[in-house]
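Novice: Have a look at this one.
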Amino acid sequence: MIIPPALAASAVTAATSLISNATSSTTPSTSSSSTTTGSTTPNDSLDQSDFMQLLIAQLQNQDPLNPMDSSQFAAQLAQFSSLEQLTQINQTLQQQAQGASTASVEAVSLIGKQVTGASGTLSVQNGVPSTLSYQLAGAGVVQATISDANGNPVANVNLGQENAGSYSFNLASAPGAPKLPDGTYSVTLQVTPAGGVPSQVNTNVTGVVTGVDLTATPPVLLIGNSRLPLGSVQSVSSSSSSAGGSSS
């Protein structure tokens, strides 16, 4: 069966485009290639461009009396499509691996430095809760709601009237706060000004990085008994002479 001319022309056009894209991303520039020799693809290695060039050459030089079967041609195009998909998957995996490696190196480099980052998570280890800091733009009554890992509220703590300024939320010293079992909890702070409506208050964790959990994605910084995802870091500074742990 003869390959329809329209199909062959379309295939050649598509192949030429693919070759152009492949060679533009893999072939070094003219200036660099002119100064670098021996960097071409080995003779025993074929890439996408070589594959398509062979296919086009096969089309152009087929015997008119014994043309390529259309099913065979379709099979070869399917093989190339599979090759391109596998190449793209491989490139994506390589990029992800490189990104994970970069994030790990960046996280490890923060050990011993003081960081501040957005966090609404409170950790309790050996009965000792971590500390969160927050900033009030105006005066009001501050209320803290603590929820477990499933989002179920386990405690409501009234911190009372507070003026504008910087504060720390320490469950161990908060009036009327319950003693929670070890675990991870979420904290939501709200401030209600006199005669106004409640608004949420952003909370942060600040302290010296004492370790890194590289099993998490992205890596998680360990600040005393607090955990801070690398992507939540807002500022980094050289640590003071004081030891690590959340600052108050």
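The values are calculated or read from the model by the stated rules, or taken from the named source; none is laboratory data. Treat the numbers as computed from the prediction; the structure is a model and nothing was measured. Backbone-built Cβ (ideal geometry, glycine too); neighbour counts: all protein chains shown.
Novice: Looking for something assigned by TED's automatic domain parsing to the domain that holds residue 132, of a type in the set (Phe, Trp, Tyr), in a strand (DSSP E or B) and more than 12 Å from residue 134 (Cβ to Cβ) - is there at least one such residue anywhere in the stretch 164-178?
Specialist: The answer is no, given that none of the residues of the stretch 164-178 is assigned by TED's automatic domain parsing to the domain that holds residue 132, of a type in the set (Phe, Trp, Tyr), in a strand (DSSP E or B) and more than 12 Å from residue 134 (Cβ to Cβ).
Matching residues to (1) touching an Asp or Glu at 6+ places or on another chain (Cβ under 8 Å); (2) modelled with pLDDT under 85:
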{"site": "89", "(1), (2)": "no, yes"}
{"site": "102", "(1), (2)": "no, yes"}
{"site": "119", "(1), (2)": "no, no"}
{"site": "126", "(1), (2)": "yes, no"}
{"site": "138", "(1), (2)": "no, no"}
{"site": "157", "(1), (2)": "no, no"}
{"site": "160", "(1), (2)": "no, no"}
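Novice: Here is a further query. Being in contact with an Asp or Glu (Cβ under 9 Å, 6 or more places away or on another chain), in a strand (DSSP E or B) and in contact (Cβ under 8 Å) with a residue 12 or more places away in the chain, is that true of even one residue in the stretch 147-155?
Specialist: yes
Novice: Tell me, yes or no, whether the stretch 143-163 has at least one residue that is among the small types (Gly, Ala, Ser), under 23 Å from the mean Cα position of the chain (by Cα), assigned by TED's automatic domain parsing to the domain that holds residue 213 and surrounded by 14 or more Cβ atoms within 10 Å (Cβ to Cβ).
Specialist: Within the stretch 143-163, none of the residues are among the small types (Gly, Ala, Ser), under 23 Å from the mean Cα position of the chain (by Cα), assigned by TED's automatic domain parsing to the domain that holds residue 213 and surrounded by 14 or more Cβ atoms within 10 Å (Cβ to Cβ).
Novice: Exactly one of (1) surrounded by fewer than 18 Cβ atoms within 10 Å (Cβ to Cβ); (2) of a type outside the set (Lys, Arg); (3) within 32 Å of the chain's Cα centre (by Cα) is unmet by residue 207. Its number?
Specialist: (1)
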